[in-house]
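Single-structure report; data block below.
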Amino acid sequence: MDELPDLNQCRPFAYDRESTDHGSKIGGAVPRDVKPLYVDVNQKYFGTIEFETGRAVSLFYSFDIYGDDETLDIISFNNRVLFPSKLIHAVVHQGSMSDGASEIITVVSCQRIRFEPMQSDRMPDSPEQVSPRSKVGGRPCIDNVSRVGPAFEELEQSGYRQLFQFDTPDPRSEAYIDGFPWDPGWLHVFVRGEHLAEAEFAFVVQQ
């Protein structure tokens, strides 16, 4: 799997019913020797996507998904461009086993990520639409153009392209996940640059 895939292609993925201590996953313990870039008592680990090159991207966030802390309330940050900060950011690293002794908070239950083959991002029956599923690459699925469209347009005009799209788990085919932060909705991770190791990141939480 290429680290920076073509926008017209995507590799769908699903949240498996099995947990794992290595490779691509959400939740569970953070990979060994990987630390968030921002030191904050609310910093939490979300998940990791590992590429065939051995490089991986781990995501951290400090949103309050229950609305108890107004300064971190995820509702206040929905549907707009977010640049790396203590609220949400990515760390690029080499793939490794999970660190069960890590003190980094995780509230998301651990589930392995299962990939499907690379395919066209366009829906077979509606070629004007892109895949709404979780995927690597492709273009962002837009649920409400008037509400979130300007954020995606801003990123595209600034040279960013989608790296990941995390969709809320489908209970008909995927494991139930405790603490899934974007439910109901999507997390979109964007990058700008030619090489993942030097890429600039941006994010949109679409809810």
Applying a 10 Å radius around every beta-carbon, put 3-12, 143-152 in order of their mean neighbour count, most first.
3-12, 143-152
Over region 42-170, what is the relative contact order in percent, taking alpha-carbon pairs closer than 8 angstrom and at least six residues apart?
21 percent
The answer for region 1-96, accessible area per residue at 1.4 Å probe in Å², is 46 Å²
Expressed as a whole percentage, what fraction of the accessible surface of region 23-120 belongs to carbon and sulfur atoms when a 1.4 Å probe is rolled over the protein heavy atoms?
51 percent
Full-extension gain in nm, Tyr38 to Met97, via 0.36 nm per residue minus C-alpha separation:
19.1 nm
With a sphere of radius 14 Å drawn around the Cβ of Leu155, what net charge do the other residues whose Cβ falls strictly inside it have (Lys, Arg +1; Asp, Glu -1)?
0
Tell me, what is the percent relative contact order of region 156-198, built from C-alpha pairs under 8 Å that lie six or more residues apart?
52 percent
Applied in sequence order to region 141-156, the curve 6.51 cos²θ - 1.76 cosθ + 1.60 (Karplus, θ = phi - 60°) yields integer Hz couplings, x standing for Gly and Pro, of 6, 10, 7, 9, 4, 5, 8, 10, x, x, 5, 5, 5, 4, 5, 4
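Which GluC sites (Glu not before Pro) in region 171-207 pass both tests, a DSSP loop state and at most 15 other beta-carbon atoms within 10 Å?
In loop regions of region 171-207 (DSSP not H, G, I, E or B), the sparsely surrounded GluC sites (Glu not before Pro) are Glu194.
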Computed Rg/Rh of the chain, alpha carbon atoms with Kirkwood Rh
0.93
Quick one: 3J(HN,Hα) in Hz for region 95-104, Karplus 6.51/-1.76/1.60 with θ = phi - 60°, rounded, Gly and Pro as x.
x, 7, 5, 5, 9, x, 8, 5, 8, 5
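Using packing as a proxy for protection, rank 17-24, 85-92, 109-116 so that the peptide with the highest average count of other Cβ atoms within 10 Å comes first.
Top to bottom by mean Cβ count within 10 Å: 85-92, 109-116, 17-24.
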The alpha-carbon center of region 1-57 and that of region 124-175 are separated, in whole Å, by 18 Å
Estimated vicinal HN-Hα couplings, Hz - region 164-176 in sequence order (Karplus 6.51, -1.76, 1.60; Gly, Pro = x):
9, 10, 9, 9, 4, x, 8, x, 6, 9, 10, 5, 6
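The values are calculated or read from the model by the stated rules, or taken from the named source; none is laboratory data. Only a predicted model underlies this, so the values are computations on that prediction, with no experimental measurement involved. All Cβ positions, even for glycine, are placed from backbone atoms using ideal geometry, and neighbour counts span all protein chains on display. These accessible areas exclude ligands, DNA and RNA; they are computed on the full protein's heavy atoms, side chains included. Shrake-Rupley method; radii C 1.70, N 1.55, O 1.52, S 1.80 Å.
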